[in-house]
Structure formats: C-alpha cells, structure tokens
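Reading through the structure tokens given below for one structure.
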C-alpha cells in the first residue's frame, strides 16, 4: 500500500527514519495514538517507513464527551485504512482520579499505562511507540526546573522508558524526541493527514499549556529562539549524566552507617539516601526528606526525623535506620 | 564602635552570621564593594558581626561618568566610617573591552579579577568576600539554562571559587548566596545604610536585567513564587553533583585511545574530552566541539574534525589526538 506520506516532507521522514534506525520494520510494535497531530504523524510516518505490524492503541479518557468518541473513531478509521489492528478502550478518568486520590493528569497517565499493559499482555508485545517530540521535551525540562526536581527531572523524558505495571513489563519508545513540532506540522499539512485538535491543549489551567502557550513564547521574544536548542542540549547532557550517576550508587543496606555516609561526596550521599528511601517504599521521597535524613549525620542534630506516610528515620549507635508507620 | 546595624533586622544578620560561621572575624579579608545595595549590606553586616579587619576594594569601571565617581566616594566614606582600609582604582572598561576583543560584561569581570589580584598581593590576603545573593543565583541558573551550559552552569555560582590571575591566587567567598534580595533590602532600610542605585541595572539591553525585571516576574505570576525556591534547590543539587562528577574524571593523556573512550559511559566520555581540550588550551570548548570529537569514535565517521582557534582533532591508528594551529 502506498500513502501520500511516501512522497512528501522529506525532512520529517528523514529524521524519523534516523531515529528508528535500530528498530526492525518487520517486527511487531504497539503504538499509542490519541488522534492528535503528533501521534497521527508518527503513525503515518512509521507506515511510510515500512513498519508493517503496528497495533494501534487508543484509550478514550471520557473527558470531552462526543469529542472524545470522535477521536476514537478517527484513530480506528486511520488504523483500518493503513492496515493495522486497532485496540480501543474507554474510561472515566475524572471519576478515577477522585477515587484514586490523584490529580487528573496523574490518574490519566496511570490509566494509560494500565491500558498499555493490557495491550502488551494480550498482544505479547513489549515495545510501545509514543509520539512525544522535542517541543514536549522542552516543556518538560522547563516545567521540571520550576518544580526543582534535580538532574533526573532536568533530563526530561528518555527515548526509552522501561515500565512495569502489575505483572506486565514493557518499554515506552519515543522516536520523535529530537523532532520539532514545526516539522511534524509540516508533514501533517503536506500529506493531508487527518487529525483532531484536543481543545484541552488550549486550557491554561494546565501548567503545561501555560508553559507552551505563554512562558516559552515570552522567553523566545525576550531572548532568542535559540533557547529551545539550549534546553534540548541541557536535557541530552543531563540525561546521560543521570544515567552515569545512577550506576555509581551502591545498593544500600537496610540501615546506613553514619561514618560511611559522611565519607561520601554529598551528591552520592543524597542519591544513596534517595535509593534507600525508595527501596523501603517510603512514599514519594524528595529533596526535603533527603536533607532531613542527612541532618541525622550531624551528631549535634536531632536523632529522629519525620518522613511521609508516618515513617521515621532514626539514628542510634552511629547507624541510621527506618521505622515503619504503626 | 557601634553602628545602627547592630540592633536591627535580626533575620538578615542571623542568616549572614550562620553563613560566615566558619570564618574567624579576627582574620583579615578583602571585600569587593560597588556601593550598591547588596555589597553595602554585606559590608555593614560583617561589621555588625565583629569582622575587624576588612579591606574594602572598589574598582570604578569608568562607565557612568560622575555617577561612577560618586559610587567610589560613597564606598570610601563608608569604609572610613566603619574603620576599614580602602583600596580604590579606576579604569575604562569600555575601551578595554574593545582592545581585548571581549564583551563589556566579560571585560569588566576580567578587570575586577585583575584588580582583586593586585589587592590580594599588596595586602597578602587571599580571601575576598563578594555580595552575590540568592536572587543573583536564581538569575544565573536561569540564564545558564537558556544558554544550555549543562550541569556546571545550572549549579550557578559557588559559595567559594578559587581563582588564579597571573601569579596571584585567591578565593572568592559568597556568604550571601542563600539570602534573598528582600531580606537584604529590609536590612538596608531598617539600618538606613546609604547606598547608590546603579542605573545600568535597569537597562534591559543586558540579558541579566531582562531575566530579573521581566522573565522571572512573568514566570512567578504564571506559576507561583515557589519557582525561586525550586531553582535554588536545583542549583544546590547540581553544584554538588558537578563537584562529585569532577572528581571522577581521570586525567587525560595527550592522546586518547578510542577503545577506552568507547567503553566509558557517555557522560564520562564527554567530561573527559572537555578536560582534555581544556588542558591542551583549545579555546572555549563547548558541547558542539565535544560532540564533534566524540564523532571520531565512530569508525565510519570522519577521521578529522575542526576545532576553534585553528585546532584539529584527528583519529589515526585507533587513537584520537590534537593538531595545533600552524
């Protein structure tokens, strides 16, 4: 089958082709498609590059009524036209967010991952393509600077993220992380690929939309359009440094010897304590919690500090250990 | 001697006192004082904390005519009143910038460092207090994100920076890096400390002023005032990680074995190449230069790449080496 995508927008297809160089087009992959511009471009782009065995996965979050259902129909239709199998489900992300006690954004992401886990198991396929692109990455890095999330956050999204959801294990692949939104739009336009605008992308109650629609354009005007390249470069450098540093953090024992900790560089100490808190399942440890535990190393400081979820860390006999909530 | 500063603004003095806890007030220190709000607060604050032997250093950059000279007079008068020795010089930073082929900002900084080097040698004193504070730090980190300078840049200014200028070696100390501008202003007001506004701080042709006066206020309104704390937290984490990673980079030989480089994590490879280029005095190596050298490891890639200042890097017999400009 030939689509109009085969002959147009060489830039986008060239960049995408380079990005999926290591992926065999003959293998089977899942692909998450919302029906928006980015995922429709990825879907058609991979088709044009000869990927034969995509399984198109679409979760209707049930947040925009008839518009949501129309998205699902568009994606199903596109899958059929391109010769791909379609897996669709619908949910009520807003109700789930309440019952899970999560923000809508967090609940929706969790549900997408659970949906992909089901797709992964039923299809026996562990590789999922997602359409996050360079401008998404820039927004993510910028957002994480404003949240103060450290090196891991400033590295942004990875081109490959292994996930484990229940018993399912799969990998999210993001081949468009190096491709700018403009190039994607050019491809969509020149190949006349149908897509649907998500009206919630305009909603400035969402932090990410304020970054996309206000903060970044304002900064480009104030400084230069090169800030995008600079932020992308930052994400590349920091992602590699994060990966390297992760390999240097030893597996922590159940309790930590103060003297050993004190002998470590401060950055390693912080990373070891973070790993220790995570491995013992202290909920959402962050900078403040790490600093509190570090405070225990100071023998004149407190010998016990509070942690989230009713946990405590305590120093006794030159050792720091955790106490579970009762 | 007692100044009005002794009895007011406990917050500022408490924070400053904690920050200079490791410094003996009986020792001699140089202090860079421009006559602006921040350095005048630091000068009076250190006096209030009992620092007896400060030597007040002021360089008139000759950029604002009579206003520059009035700054110098104010600083000299304050030094005299507080019982400190005063060292003043004047220069023409704009003419020097031209003759050195540098931006005005870079030339002015270079000249300040040279001036401090002369003060350090004549006073036999190797410790210089500077008045950079938390809001300067936030601006620096933000500016460096927009420049894409990586971890070192995102860590911002260090609380101690060792410098070598010619034969002089001295350390810049920044005790106010954790103190917010607001607290400094409160101290200045409540103690009625005289200072002079630098009109060039309003000039939005300077990138830093655009960050201070436009970008950051805009982002605070768009998101929250917590972004300042988040950026400061980022700088603390990244500064410590930068220091740690620096200790892990081995001293490079004159030429680099491709196989050894290939076996290293990418982040370490980048840092080793940066150190190698710097130690061989290749001018201003950055991300692009490092990536070009890394490209030599790809045996199908080019065997020679251009570097700044007429330098080249070349691969031959599985080794990468530099060729000086002829």
* Asked: Only one of (1) closer than 28 Å to residue A:221 by Cα; (2) in a helix (DSSP H, G or I); (3) more than 13 Å from chain A (Cβ to nearest Cβ) is not met by residue B:212, so which one is it?
  -> (3)
* **Residues satisfying the stated conditions in region A:263-288, i.e. modelled with pLDDT of 95 or more, within 14 Å of another protein chain (Cβ to nearest Cβ) and under 14 Å from residue A:305 (Cβ atoms)** => A:273
* Is region A:229-237 home to any residue that is touching a helix residue (DSSP H, G or I) at 6+ places or on another chain (Cβ under 7 Å), outside any helix (DSSP H, G or I) and within 14 Å of another protein chain (Cβ to nearest Cβ)? -> no
* To do: Kindly provide the set of residues from region A:238-262 that are away from chain B (no Cβ under 13 Å), within 20 Å of residue B:248 (Cβ to Cβ) and surrounded by fewer than 16 Cβ atoms within 10 Å (Cβ to Cβ), ordered by number.
  => A:250, A:251, A:260, A:262
* Structure fact -> Reported set for region B:215-225 where residues are touching a helix residue (DSSP H, G or I) at 6+ places or on another chain (Cβ under 8 Å) and either within 30 Å of residue A:266 (Cα to Cα) or more than 8 Å from every other protein chain (Cβ to nearest Cβ) (or both) is B:216, B:220
* Could you check, for region A:181-188, whether at least one of its residues is modelled with pLDDT of 95 or more, more than 18 Å from residue A:212 (Cβ to Cβ) and crowded, with 19+ Cβ neighbours inside 10 Å? => yes
* Does residue B:164 satisfy the criteria of being at pLDDT 95 or above, touching a strand residue (DSSP E or B) at 6+ places or on another chain (Cβ under 9 Å), more than 13 Å from chain A (Cβ to nearest Cβ) and closer than 18 Å to residue B:31 by Cβ? -> no
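The values are calculated or read from the model by the stated rules, or taken from the named source; none is laboratory data. Model, not experiment: these values are computed from the prediction. Cβ atoms come from the backbone with ideal geometry, glycine included; neighbour counts cover every protein chain shown.
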